[in-house]
1. Could you tell me whether any residue of the range 110-117 is out of contact with any Asp or Glu (no Cβ under 8 Å at 6 or more places or on another chain), charged (D, E, K, R) and on the phi < 0 side of the Ramachandran plot?
2. Give me the residue from the range 179-202 that is assigned to a strand (DSSP E or B) and of a type in the set (A, V, I, L, M) and, out of that set, nearest to residue 81 (Cα to Cα).
3. Which condition does residue 71 not pass, out of (1) farther than 21 Å from residue 180 by Cβ; (2) of a type in the set (A, V, I, L, M, F, W, C); (3) within 16 Å of the chain's Cα centre (by Cα), if it passes all the others?
4. Among the numbered criteria (1) in contact with an Asp or Glu (Cβ under 8 Å, 6 or more places away or on another chain); (2) modelled with pLDDT under 95, which single criterion is violated by residue 274?
5. Across the range 30-63, which residue is farthest from the chain's Cα centre (by Cα) among those that are buried (at least 16 other Cβ atoms within 10 Å of the Cβ) and under 18 Å from residue 9 (Cα atoms)?
6. Looking at the structure I just gave you, is residue 117 in a loop (DSSP other than H, G, I, E, B) and among the aliphatic types (A, V, I, L, M)?
7. Kindly indicate which of 131, 166 is surrounded by fewer than 23 Cβ atoms within 10 Å (Cβ to Cβ) and either in contact (Cβ under 8 Å) with a residue 24 or more places away in the chain or out of contact with any strand residue (DSSP E or B) (no Cβ under 7 Å at 6 or more places or on another chain) (or both).
8. Among the residues of the range 64-77 satisfying the criterion of being within 21 Å of residue 323 (Cα to Cα) and of a type in the set (Val, Ile, Thr), which is surrounded by the most Cβ atoms within 10 Å (Cβ to Cβ)?
Amino acid sequence: MRSVPRLLPTTVVGSYPQPDWLVDRALLARGVPRVRLAELWRVPAERLEEAQDDATRLAIADMERAGIDIVTDGEIRRESYSNRFATELDGIDLARPGVVTSRSGHRTEVPRIVGPVRWKGPVERRDMEFLRAHTTRAAKMTLPGPFTLGQQAENAHYRDPMEMYLDFAAAVNAEAKALVAAGADAIQLDEPWLRNDPDGAARYAVPAIDRALEGIGVPTIVHLCFGYAAVVPGSAKPTAYSFLPQLAACAADQISIEAAQPKLDLGVLADLAPKTVLVGVLDLSDPTVESAETVAARIRAALAFAPPERVVPAPDCGMKYLPRDVAFGKLKSLAEGATLVRASLG
């Protein structure tokens, strides 16, 4: 990985707010799309790539200007963290999506699996090449994890769920290797659905994650959260993970957790030794920008349970749903708070 501070390097989890001139934010606020949502984009198709490039430059520049050490492309080209990759795989019927119904009765269209899931070729490689061309800082790319991909799909093909998850994992692995070849310094798998089905996760998740991370060759991260703050209110979030210590044995080098909004008991960091942990120290449900001192206090709370060599300060989750000025302010406080703690460590 390109050079970062020896202790407490700051990073983002993945997404950064897309400009209002690029996306329909009112439509975005309705939920997290699982299939394609072309109407989200305000720019005509023939000009969309150029507009996404311009917005990505702004996102990268904001992260650098805020002082973030390990940046992403802000996931500016994605309608959601998962749908762009999920809908580019063989075995998915795009014409007739599946439907899942939540406990509250909300119906969501999802990818429908009608054949073996296979990687057809790079989906995000150009994104990584663009990011590498526009920053000299350490650069991370994110992908949906294999367990979450399976949970977000309607399975009309596989009799054995493990086979399905491993096929998703092989596709993620091939994409990750393409991203590393394009210059990625780290690869993150987003696995928020581990907490949605802990029993299924116990049976299938770790082997699938390990398969997805085989032979990557750069630091790897698994991100867990309780859902976007704009989608899942704080009152609906638990204060503990139902599936977290199990990841201590997985192949990932680092685990990324949401901690600020749910006021997580950071004693869980001891369960993850010897992993490095991305600790969420920005509460994305709070529209006010935390002070650097508040962020520093949250980092110090993590250091009560893990040495600074194992802590990476980060937002709780992706920042996609925040106003852009709030997101930038929070990232600036993140960088300044980490600087305060580094100085106190001597």
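The values are calculated or read from the model by the stated rules, or taken from the named source; none is laboratory data. Quick caveat, the model's predicted, so the values are computed rather than measured. No Cβ is skipped: glycine too gets one built from the backbone with ideal geometry, and neighbour counts run over all protein chains shown.
1. The answer is no; no qualifying residue exists.
2. 189
3. Result: residue 71 passes all but (1).
4. Here residue 274 meets the rest and fails (1).
5. 62
6. no
7. Residue meeting the stated conditions: 166.
8. 72
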